[in-house]
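J.: One structure is given below, represented as structure tokens, and several questions about it will come after.
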Amino acid sequence: MKILGIETSCDETAAAVVLDGREIVSNVVVSQIDIFAEYGGVIPEVAARSHLEVVLPVINKALSDAGCSWDEIDAIAVTHAPGLLGSLLIGTLTARTLAILHNKPLYAVHHLKSHVYANWVSSEKSSTLEPGHPPVFTGDALCRGQLDHGEHALESEDFSGNLPTFPLLALVVSGGHTQILYMSGHNQFEIVGTTVDDAVGECFDKVAKILGLPYPGGPSIAKAAEKGDANKYRFPHPKIKGLDFSFSGLKTAVLRTVQKEVNVPISCPSFQLKELLSEKQVCDFAASFQKTAVDILVEKINLALQKYPDVRSVVVAGGVSANKELRKALPEAFFPAPFLSGDNGAMVGAAAYYEIKSGVKPTEPYSLNIYPRISIES
């Protein structure tokens with residue numbers, strides 16, 4: 001089954017043709033990062049106009065790269081929630097029109113669901129956890145516990161051990177979301193942990209701005225951290241009970257520590273601090289912050305593994321899943337290929353394929369709506 005996936009939830013215009021939810025036949029992404037690097041963040045109205053300019057050329061390029069005619073496309077999938085209102089409108093209106101014109105079934109896909117299913121398109125790990133003996137992940141990339149690769153390893157319903165196995169935990173980490181999901185099977189999502197304030201990706205962006213590093217913050221902090229001392233500064237871990245997250249306090253802790261380091265009062269505006277920091281200080285702050293953020297994520301996954309001892313796999317999804325230190329800290333988890341960590345059409349097509357496998361019916365094109373904010377459980 002060939003599915004055309006369309007993604008326009010934020011600042012990437014993307015389309016891809018995916019075969020049977022696994023094989024990428026084509027994958028085209030036009031990013032607006034260069035536009036928004038100048039502003040230090042995404043401007044919704046500008047993002048929507050940029051999508052409008054390129055969405056049809058991107059789709060046509062995806063079909064051309066795949067060598068596919070419309071007759072060979074079995075379904076169209078599009079992100080309809082959550083995201084920026086204007087950006088979502090461009091993608092969904094385009095998908096609706098194409099579905100009507102070419103008489104194709106249309107599937108409206110939740111953005112976070114797509115990120116999770118990027119792990120089915122391309123995974124870098126092929127590990128299965130033994131029930132009752134989950135590994136313990138540490139920030140030092142050590143793994144303790146047993147892994148079952150033998151005759152008792154549970155196989156996927158469609159593929160063998162090179163795919164995540166249910167039940168599983170999904171750690172979704174991006175600029176807008178930080179959640180832990182429990183999945184008992186395909187298309188079955190239960191939120192067991194979420195952020196009570198900032199998302200981890202948002203925290204990366206805000207700390208990068210404090211340090212004078214370019215947008216987006218995740219890659220720029222990771223690059224600066226390579227030259228820094230991760231143990232130079234100690235930042236507190238939030239005391240949030242259960243599996244929920246909080247990152248606003250970490251952001252404030254970095255701000256106050258920077259202000260103290262350069263000997264200015266807390267009333268000093270954050271945008272003035274970069275002029276007072278040396279390159280070495282910037283790198284040390286970046287490395288120390290990154291280590292703390294990763295450690296917080298790992299701590300919560302460890303707690304989740306203790307709470308759900310039946311879990312066989314852990315998958316990581318979302319833009320922050322590209323972070324190398326996070327990948328090192330969770331050595332037995334599944335990660336998408338780095339080029340699939342960010343927004344792309346391939347993950348949308350994969351998610352739609354597994355919706356179809358789960359018996360989800362197509363969406364009526366004339367009644368398709370968008371939801372800028374909606375839970376994956378809805």
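The values are calculated or read from the model by the stated rules, or taken from the named source; none is laboratory data. All of these numbers come straight from a predicted model, not from anything done at the bench. Don't worry about glycine lacking a Cβ; one is built from the backbone with ideal geometry, like all the others, and counts go over all protein chains shown.
J.: Take the residues in segment 50-74 that are in a helix (DSSP H, G or I) and more than 27 Å from the chain's Cα centre (by Cα), then tell me which one is surrounded by the fewest Cβ atoms within 10 Å (Cβ to Cβ).
T.: 71
J.: I need the full set of residues from segment 75-115 which are assigned to a loop (DSSP other than H, G, I, E, B) and within 26 Å of residue 377 (Cβ to Cβ), in order please.
T.: Result: 82, 83, 84, 105.
J.: Can you tell me which residue is surrounded by the most Cβ atoms within 10 Å (Cβ to Cβ) among those in segment 221-278 that are closer than 30 Å to residue 308 by Cβ and of a type in the set (Ser, Thr, Tyr)?
T.: My answer is 246.
J.: Looking only at segment 288-332, filter to residues that are in a loop (DSSP other than H, G, I, E, B) and farther than 24 Å from residue 231 by Cβ; which one of those is modelled with the lowest pLDDT? Talk me through it step by step, then tell me what you get.
T.: Applying the first criterion (in a loop (DSSP other than H, G, I, E, B)) to segment 288-332 yields 308-312, 318, 323, 330-332.
Checking the rest, the ones that are also farther than 24 Å from residue 231 by Cβ come to 308-312, 318, 332.
Details: 308: 97, 309: 96, 310: 97, 311: 97, 312: 97, 318: 96, 332: 93.
Within segment 288-332, the match that is modelled with the lowest pLDDT is 332.
J.: How many residues does segment 305-320 hold that are closer than 22 Å to residue 348 by Cβ and out of contact with any strand residue (DSSP E or B) (no Cβ under 6 Å at 6 or more places or on another chain)?
T.: Residues flagged as closer than 22 Å to residue 348 by Cβ and out of contact with any strand residue (DSSP E or B) (no Cβ under 6 Å at 6 or more places or on another chain) within segment 305-320 amount to 1.
J.: For segment 222-265, which positions are basic (Lys, Arg) and either closer than 22 Å to residue 199 by Cβ or in a helix (DSSP H, G or I) (or both)? Lay out the reasoning, then the answer.
T.: First, pick out the residues of segment 222-265 that are basic (Lys, Arg): 223, 227, 232, 234, 239, 241, 251, 256, 260.
Passing the criteria: 223, 239, 241, 251, 256, 260.
J.: Which residues, taken from segment 169-192, are assigned to a strand (DSSP E or B) and crowded, with 23+ Cβ neighbours inside 10 Å? Step through it out loud before you land on a result.
T.: Filtering segment 169-192 down to residues assigned to a strand (DSSP E or B) leaves 169-173, 178-185, 188-192.
169, 170, 171, 172, 173, 178, 179, 180, 181, listed by residue number.
J.: Pick out the one residue from 279, 275, 299 that is of a type in the set (D, E, K, R) and closer than 24 Å to residue 119 by Cα.
T.: 299 is the lone residue from the list that is of a type in the set (D, E, K, R) and closer than 24 Å to residue 119 by Cα.
J.: Just checking, how many residues over segment 340-378 are among the hydroxyl-bearing types (Ser, Thr, Tyr) and under 21 Å from residue 73 (Cβ atoms)?
T.: 5
J.: Here's another thing I want to ask about it. Would you please name the residue that is farthest from residue 121 (Cα to Cα), looking only at residues in segment 307-365 that are β-branched (Val, Ile, Thr), assigned by TED's automatic domain parsing to the domain that holds residue 286 and more than 13 Å from the chain's Cα centre (by Cα)?
T.: Filtering first and then ranking leaves 311.
J.: Taking only segment 344-369 into account, find how many residues are surrounded by fewer than 22 Cβ atoms within 10 Å (Cβ to Cβ), among the hydrophobic types (A, V, I, L, M, F, W, C) and in a helix (DSSP H, G or I). Spell out how you get there, then give the answer.
T.: As a first pass, look at segment 344-369 and keep what is surrounded by fewer than 22 Cβ atoms within 10 Å (Cβ to Cβ): 354, 356-362, 364-369.
Among the residues that remain, those that are also among the hydrophobic types (A, V, I, L, M, F, W, C) are: 356, 360, 368.
Filter once more, keeping what is in a helix (DSSP H, G or I): 356.
So the count comes out to 1.
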